Structures are given as C-alpha cells and as structure tokens.
Amino acid sequence: MFPRPIEKSSPAWAATYQALVPMALILWLLPLIAVAVFSIKPDVDFTTGNYWGWPSAFKGFENYGKVFFASDMPRYLLNSVLITVPTVIGAVALSCMTGFALGVYKFRGNLLLFFMFVAGNFVPFQILMVPVRDLTLDMGLYNTKLGLVLFHVAFQTGFCTLFMRNFIRALPFELIEAARVEGVAEWRIFWFVVLPLMKPAIAALSVLIFTFIWNDYFWAVVLTQGAESQPVTAGITSFNAQYRAAYHLMSAGSIVAALPPVAMFFLMQRHFIAGLTLGAVK
C-alpha cells in the first residue's frame with residue numbers, strides 16, 4: 001500500500017535514486033537559474049541573440065541599479081507590502097474566528113455553511129474577472145490598493161477557513177469543556193485557550209497566503225493599473241518598451257520580487273513545518 005523506503009531497496013536502486021535526485025533538482029531549478037543568468041547579462045546579448053550563451057560582460061550591478069534607482073520598482077515593492085500584509089492579517093483573523101465557530105459549535109446548517117466556504121475554492125477565478133471588475137468600478141475601488149486587499153481577503157477566507165476548521169477539530173475538546181465548566185466566557189475560551197494552540201497553524205497559513213498574494217499576477221492586472229497601486233508582479237512588465245522587451249531588467253526585477261516570500265519562508269520555516277505536520281503523529 002505504501003512505497004517502500006529507499007533504505008530498504010536494493011543497492012542498485014538506491015544508487016540510481018541518489019543519482020536521479022540531483023538531476024531532478026537541477027531540472028526543476030533550471031528556469032530560475034536562467035532568470036538569474038539573464039539578470040546579469042548586458043542588453044546587447046539579447047539584441048545579438050545570445051540568449052543561452054555565457055554573458056559577454058557582467059552587468060549585474062548596472063542592471064540591479066537600474067531596477068532600484070531608475071524605475072518605479074521601489075514603489076511597486078511598497079505596494080505589494082501594503083497589499084499583502086493587510087490581506088494576510090485579514091484573511092487569517094477571519095478564518096480563526098470562522099474556523100472556531102464551525103469547528104467547535106454544533107448547530108443546524110453547520111456543514112452547509114462550511115460547504116459554502118469551501119465551494120468558493122472550486123470556482124474558476126477567471127470567470128469572476130468581469131463581475132469583480134465591474135463591482136470595484138461601482139464601489140469606487142478600481143485601481144486602488146484597498147480594492148485589491150478586500151478582494152483577496154474575501155477570496156482567500158474560504159481556503160483559510162477550511163485549514164483552520166480542520167486544525168481546530170483536531171485539538172483536544174476536553175480543554176474547551178474544562179474551561180466551560182469553570183465558567184469561562186466563550187470569547188475568552190477562543191482568545192486564551194484555543195488561539196494559543198493555533199500558533200503553528202497561523203504561522204503555516206500566513207506563509208502560504210503571503211506567497212499566494214505576493215505572487216498574484218492575474219488580479220493585479222485586472223484590478224489595478226499604474227505605479228500608484230500595482231504590485232510588483234504587474235509592475236515588472238513596465239520594463240517592456242513599445243517595440244522591444246528589456247529582458248535583462250525584467251529578470252533582475254523578477255529576482256528582486258522573489259526574495260521577500262523566500263525570506264519569509266526561511267524565517268518561518270520552523271513554524272511552517274510544525275503547522276503542516278502537527279497532528280500527523282499521535
């Protein structure tokens with residue numbers, strides 16, 4: 001039923017596995033390596049067709065200098081922070097409360113309400129493009145960071161509720177019953193009993209949602225335009241001119257845009273892994 005551990009396999013298969021893993025890793029990292037190499041190439045390499053060859057000159061400092069000091073990249077990065085951080089806080093805070101209500105209380109329509117939260121995750125987001133854009137126009141939220149934050153909070157709360165509800169249902173219910181016997185109010189049970197136990201799940205979910213929102217490109221293009229509100233994923237396309245694309249600057253901007261979620265993952269790695277594996281072993 002379960003795969004045999006590699007330690008119990010034959011020596012020939014173990015050696016083959018150890019040889020294939022680095023190759024698969026290099027193949028998986030090849031696009032990122034290509035972008036990193038593009039980011040240090042001079043512009044002339046792309047005009048002469050030297051896409052995959054060795055750089056004719058090292059222009060890394062010049063390219064990254066243009067990204068930071070000769071473009072709106074700092075503004076785009078700030079917009080991404082102002083969009084992503086409130087979204088993570090809002091979606092995680094709402095899902096903690098909804099997950100607590102759906103995971104602890106038993107009432108008529110509990111499963112139906114939970115299904116409504118989950119069902120939103122199965123709707124293809126592309127079909128929502130026109131109605132969501134029209135809604136933001138009617139509410140005066142088009143091309144604003146607030147409109148993008150509100151949409152992401154609404155769209156991500158369903159997945160976050162699924163995550164939190166299942167996590168809370170795995171907690172020992174005896175702790176909640178003991179607190180009720182002592183006469184503790186329900187909101188105090190949530191704040192002082194359940195919420196501290198949810199810290200690993202909150203950390204894991206925060207990393208996931210941060211990555212989802214930071215890397216979003218579709219809704220950034222649909223709901224925003226211009227440097228005053230666009231996040232960094234959409235702002236990278238500003239390096240394209242009318243008749244040609246500045247691949248070296250786009251590559252450098254892509255590397256810069258990828259650093260914050262990578263840094264957050266490594267900073268929260270311990271909590272992230274604990275949140276994903278908590279409850280897996282009795």
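Readers should treat all values here as calculations from the given coordinates under stated rules, not as data from a laboratory. Fair warning: this is a prediction, and the values are worked out from it, not measured in the lab. Cβ coordinates were reconstructed from backbone atoms using ideal geometry, including for glycine residues, and neighbour counts include every protein chain displayed.
Key figures for this structure:
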{"read-out": "Three-way shape call for the stretch 3-141 based on the alpha-carbon gyration tensor, with the a/c threshold at 1.5", "value": "oblate"}
{"read-out": "Packing-based exposure ordering (other Cβ within 10 Å, fewest first) of 173, 46", "value": "173, 46"}
{"read-out": "³J(HN,Hα), Karplus 6.51/-1.76/1.60, whole Hz, each residue of the stretch 78-91, x for Gly, Pro", "value": "5, 4, 4, 5, 5, 8, 6, 4, x, 5, 4, 4, x, 5"}
{"read-out": "Debye, to nearest 20: dipole size of the chain, +1 on Lys, Arg Cβ, -1 on Asp, Glu Cβ", "value": "560 debye"}
{"read-out": "Among 97, 116, 198, residue whose mean-square fluctuation peaks in a GNM of the chain (springs only between Cα atoms under 10 Å)", "value": "116"}
{"read-out": "Angle in degrees between helix 145-169 and the longest Cα principal axis of the chain, rounded to the nearest 10", "value": "50 degrees"}
{"read-out": "Sum of -39500 (n - 2.57) over DSSP H runs of 4+, divided by residues of the chain (222 nm, nearest 500)", "value": "-21000 deg cm²/dmol"}
{"read-out": "Three-way shape label, the chain, alpha-carbon gyration tensor, a/c 1.5", "value": "oblate"}
{"read-out": "Residue-by-residue Karplus 3J(HN,Hα) for the stretch 97-105, coefficients 6.51, -1.76, 1.60, Hz, glycine and proline x", "value": "6, 5, x, 5, 5, 7, x, 9, 8"}
{"read-out": "Pairs of Lys in the chain closer than 28 Å at Cα, counting only those 8 or more apart or on different chains", "value": "7"}
{"read-out": "Helix 60-69 axis, angle to the chain major axis (alpha carbon atoms, nearest 10°)", "value": "60 degrees"}
{"read-out": "Which of 15, 79, 212, positive extreme of dipole for the chain (C-beta unit charges)", "value": "15"}
{"read-out": "For residue 240, distant residues with modelled amide H under 5 Å away", "value": "246"}
{"read-out": "Alpha carbon centroid spacing (whole Å) that separates the stretch 10-32 from the stretch 190-257", "value": "31 Å"}
{"read-out": "Debye, to nearest 20: dipole size of the stretch 6-67, +1 on Lys, Arg Cβ, -1 on Asp, Glu Cβ", "value": "60 debye"}
{"read-out": "Derived scalar couplings ³J(HN,Hα) [the stretch 200-214; Karplus, 6.51 cos²θ - 1.76 cosθ + 1.60; whole Hz; x for Gly, Pro]", "value": "x, 5, 5, 5, 5, 5, 5, 5, 5, 5, 4, 5, 4, 6, 4"}
